[in-house]
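Enquirer: Handing you a structure now.
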Amino acid sequence: MPEWLWNTTLSDRFSDRYKQIWLSKNVDASMEKCTNNPESCDFAHDIYTEEALKYISERAIESYIQPFFLMLSYSTPHVGSWKPDRRTTTWQDRVHKIAPVYTCPDSFEVAPDVRRIEECRHAALVTNYVDRDVGRILDSLEKHGIAENTLVVFAGDNGPNGEIRIDGELIHDLATFKSTADQRGGKREVFEGGIRTPLIMQYKGTIPGGTVENLPASLEDLFTTFADAARATHLVKASALLDGVSLLPTLTEKQSSQIRREYLYFEHCNLQAVNWKKIKSNPNSLCSWAVRRFDGWKLLYNYLDGKYYLFDLNSDPSERQNLYGANPELVSSLWSLREEAHIPLKEMGYDGQVEVW
């Protein structure tokens, strides 16, 4: 439980940019105190939701004149959900999840060697908090009469966390929730389990309910899509300098005008802010990358094992059969796309200095 949260508002834009929301209840918070008496602590997730609902209420009145944008990034569920007393912080403390209100039904099954209470808390963070409060956000749009004029996007930023152990004891297992639908890999990896995540949209009166769209897309497409939906032509023009494309033609069933790229590129460097010097000198030591062409072929490098992989996702969506050595011409073709997309860290002008403004 944090003792304060950052709050940035438009009025702070050119003065004191960052304001703090002080959470006085959490000064002496402990896992025992907050789980036994949830009302005695402030859960950050609840603060985020209340601020979001307040913002929607304030902006709804002028929404037909001035479009508004809200980005709500929940921190639940997350491996670091519990912040213990800084004097007693240990890895064991940090990985424990906390859900102030949770139930563990008899029907909830986990593997025999997994700590059931930890997985129950994980499930509770999804159902009792994320599901509940996404519903509250949608209800608020209906209440203010702007649901049909609002594009809502629910997205995952990366794949789920893999196994978590404490002193050899398994407290979280991907198999419990089947979070990757049997795709290989997870968070911090560029296998499908790390990059293929939920992207759900609601645009009442525009996107037919229950529609499933197979157009490959990335979060980098959202900026251009939002600008297009808001008819902000100056932003749409500016976004031409970015890698993303507007998905609005597909969402409005005008697929013939949808810009279709040849591929998507993903790259992950482990702790880049800390390891930037090593990454500059030897990117392969800490960076994985993947080129995912829209015809289903995918080339990737995994720094964790130092291996290259080639997959045909059409016939092998779970990436079990590595074809890297079987088709050198295809590898060369995909490699050229990687060279086109990749920007070496040393060419970005990043020298390890932090800009303060």
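The values are calculated or read from the model by the stated rules, or taken from the named source; none is laboratory data. If you're wondering where the values come from, they're calculated on a predicted model, not measured in any experiment. Methodologically, a virtual Cβ is constructed for each residue, glycine included, from the backbone with ideal geometry; neighbour enumeration extends over all protein chains shown. SASA here: full protein model, heavy atoms, side chains in, ligands and nucleic acids out. Shrake-Rupley method; radii C 1.70, N 1.55, O 1.52, S 1.80 Å.
Enquirer: Determine the pairs where a residue that is β-branched (Val, Ile, Thr), located within region 160-181, has a partner that is open to solvent by 60 Å² or more (accessible area, probe 1.4 Å) and modelled with pLDDT under 80 with Cβ atoms under 6 Å apart, the partner being 6 or more residues away or on another chain.
Expert: ILE166/GLN92; ILE171/ARG115
Enquirer: Determine which member of the set ASN284, ASN302, ASN314 is touching a Gly at 6+ places or on another chain (Cβ under 6 Å) and within 19 Å of PHE191 (Cα to Cα).
Expert: ASN314
Enquirer: Another one. If the requirement is being surrounded by 17 or more Cβ atoms within 10 Å (Cβ to Cβ), within 30 Å of SER318 (Cβ to Cβ) and of a type in the set (S, T, N, Q), which of these qualifies: THR127, THR180?
Expert: Within the list THR127, THR180, the selection yields THR180.
Enquirer: Within the set of pairs 6+ apart or on separate chains, which have a first residue in region 18-30 that is within 9 Å of CYS41 (Cα to Cα), a second that is basic (Lys, Arg) and outside any strand (DSSP E or B), and C-beta atoms under 9 Å apart?
Expert: Once the first residue is within 9 Å of CYS41 (Cα to Cα) and sits in region 18-30, its partners that are basic (Lys, Arg) and outside any strand (DSSP E or B) give ASN26/LYS83; ALA29/LYS83.
Enquirer: Same structure, new question: Does region 240-252 hold any residues that are touching an Asp or Glu at 6+ places or on another chain (Cβ under 9 Å) and open to solvent by 50 Å² or more (accessible area, probe 1.4 Å), and which are they?
Expert: Selection gives LEU242, ASP243.
Enquirer: Next question. Kindly indicate whether any position in region 17-40 is outside any helix (DSSP H, G or I) and modelled with pLDDT of 85 or more.
Expert: No, because not a single residue in region 17-40 is outside any helix (DSSP H, G or I) and modelled with pLDDT of 85 or more.
Okay, residues lined up against (1) polar (S, T, N, Q); (2) surrounded by 12 or more Cβ atoms within 10 Å (Cβ to Cβ):
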residue	(1), (2)
ALA229	no, yes
ALA238	no, yes
LYS254	no, no
TYR265	no, yes
ASN270	yes, yes
LEU299	no, yes
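Enquirer: Kindly establish whether GLY194 is over 13 Å from the mean Cα position of the chain (by Cα) and modelled with pLDDT of 90 or more.
Expert: no
Enquirer: Right, ASP305: surrounded by 15 or more Cβ atoms within 10 Å (Cβ to Cβ) and more than 21 Å from the chain's Cα centre (by Cα) or not?
Expert: In short, no.
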